[in-house]
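Engineer: Below are the structure tokens for one structure; questions will follow.
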Amino acid sequence: MSLLNDTKQELLENKISSPCCKRAFLAGVIRGAGSLSLEPEGFGLILQHPVPELIEKCAVLVKKLTGVQPEISKKEKDRILGNKIVYEMKLDAATTRVVLTSAGIVDSPYSVLHQLPEEIVGKPCCLRSFLQGLFLAAGSLSLPESGGDGSVKTSKGYHLEFTLTDRDIAEQVKDLLIGLNINAKLRERKTTYAVYVKNGNEISDFFAEMKAMKAYFAIVNTIIGRLARNSANRQANCIVANADRAVETATKHIAAIRKIDRAIGLNNLDETLRETARYRLEHPDLSVAELLRIMPNPPSKSGLNHRLRKLLEIAEQFKETEPSKH
């Protein structure tokens, strides 16, 4: 099972106790996956979703709210939802009016509210329930090295998204997330609006707030794993860079020593420089630290570096001329 499916399953299993939170949960689902039909007596409500447990949970909440037991039907290859099998709950106008009014979606038979009422998202428990319903209905999640549904690899990084059809509602959802210290942003698409979050820590905070602890720990583990890999990569890159610098430095030393040897001979150097030059020539692949370990009477590291710099300075005094061509 993918992380997205696991997370939604965990949220579906969460119990909603208070009536206000039940209304908020329904409001989130309807805002994310509901559509309205026009009936002579007012709006009718249609809820469609590929996850049957979500439709079943909403049916239970509708019955508790209205006393009406909604019917659920299975529809195959719904073109609008990408030819997926979907489950559908339809409500008549009378039942819809009670549900939509309680969920803060309409204030009269044909008037849709383009704002989220305070009684739906004002209390922390209701806000949580609303966002749970909205994520279940219209949320997606992807992490580095896992697909949007956890099954396909991607390099796009952390991504939490809600897809909505009402710009005003999308703006308010973004503001609600910002109020939870989650830096949400809004992107307009052809016919929808995406509220999204890209920061892994903030996404994990969101799921902690939603009481979806499986998702929280999965994201935290991903963050820790990436940090560990990045640290290891940086250390490996540092080792390679240090090795490259050591080779470059040793090459300069050897070139200078050979230049001195051709110009005046190494025997004309003082004893310490002569010894340093000989060990450097005999061990061209060693770093300065490694060279110190094999010298019989090694100076300090700074002392050896001083000697090698001195050899470079002496070599600078000699200009080599190319032999004339006949």
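The values are calculated or read from the model by the stated rules, or taken from the named source; none is laboratory data. It should be emphasised that the depicted structure is a prediction, and the values quoted were computed from it without experimental measurement. Backbone-built Cβ (ideal geometry, glycine too); neighbour counts: all protein chains shown. We work out accessible area using only protein heavy atoms, side chains counted, and drop any ligands, DNA or RNA first. Shrake-Rupley method; radii C 1.70, N 1.55, O 1.52, S 1.80 Å.
Engineer: Could you say which residue among ALA212, ALA170 is open to solvent by less than 30 Å² (accessible area, probe 1.4 Å), under 16 Å from ARG128 (Cβ atoms) and among the aliphatic types (A, V, I, L, M)?
Structural biologist: Of the residues listed, the single one that is open to solvent by less than 30 Å² (accessible area, probe 1.4 Å), under 16 Å from ARG128 (Cβ atoms) and among the aliphatic types (A, V, I, L, M) is ALA212.
Engineer: Within the set of pairs 6 or more residues apart or between chains, which connect a residue that is open to solvent by 30 Å² or more (accessible area, probe 1.4 Å) inside the range 96-119 to a residue that is of a type in the set (Ser, Thr, Tyr) with Cβ atoms less than 6 Å apart?
Structural biologist: Matching pairs, first to second residue: VAL98/THR66.
Engineer: Considering only the range 43-61, I want to know if a residue exists there that is charged (D, E, K, R) and over 15 Å from ALA137 (Cα atoms). Give the derivation first.
Structural biologist: First pass over the range 43-61, keeping only residues charged (D, E, K, R): 53, 56-57.
Going one step further and asking which of them are over 15 Å from ALA137 (Cα atoms), we end up with none.
No: zero hits.
Engineer: Okay, next question. Conditions: (1) surrounded by 15 or more Cβ atoms within 10 Å (Cβ to Cβ); (2) among the charged types (D, E, K, R); (3) at pLDDT below 85. GLU202 meets all but one. Number of the miss?
Structural biologist: (3)
Engineer: Could you tell me which residue of the range 286-319 is modelled with the lowest pLDDT, considering only residues that are loosely packed, with under 10 Cβ neighbours inside 10 Å and not in a helix (DSSP H, G or I)?
Structural biologist: Checking each candidate, the answer is LYS319.
Engineer: Search the range 120-145 for residues being more than 18 Å from ILE182 (Cα to Cα) and surrounded by fewer than 20 Cβ atoms within 10 Å (Cβ to Cβ), and hand back the single one that is modelled with the lowest pLDDT.
Structural biologist: Per the criteria, the residue is GLU145.
Engineer: Please go through the range 262-299 and give me each residue that is touching a residue at least 40 places away in the same chain (Cβ under 8 Å) and not aliphatic (A, V, I, L, M), ordered by number.
Structural biologist: ARG262, SER287
Residue-by-condition table, conditions (1) among the hydrophobic types (A, V, I, L, M, F, W, C); (2) modelled with pLDDT under 90; (3) over 25 Å from ALA27 (Cα atoms):
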{"site": "GLY147", "(1), (2), (3)": "no, yes, yes"}
{"site": "GLN172", "(1), (2), (3)": "no, no, no"}
{"site": "LEU177", "(1), (2), (3)": "yes, no, no"}
{"site": "ILE224", "(1), (2), (3)": "yes, yes, yes"}
{"site": "ALA241", "(1), (2), (3)": "yes, yes, yes"}
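Engineer: Quick one: in the range 158-183, of everything that is in a helix (DSSP H, G or I) and acidic (Asp, Glu), which residue is nearest to the chain's Cα centre (by Cα)? Quick ask: steps written out before the conclusion?
Structural biologist: At the first step, the residues of the range 158-183 found to be in a helix (DSSP H, G or I) are 167-179.
Within this subset, residues satisfying the condition of being acidic (Asp, Glu) are 168, 171, 175.
Working: ASP168: 26, GLU171: 22, ASP175: 20 Å.
Here the residue is ASP175.
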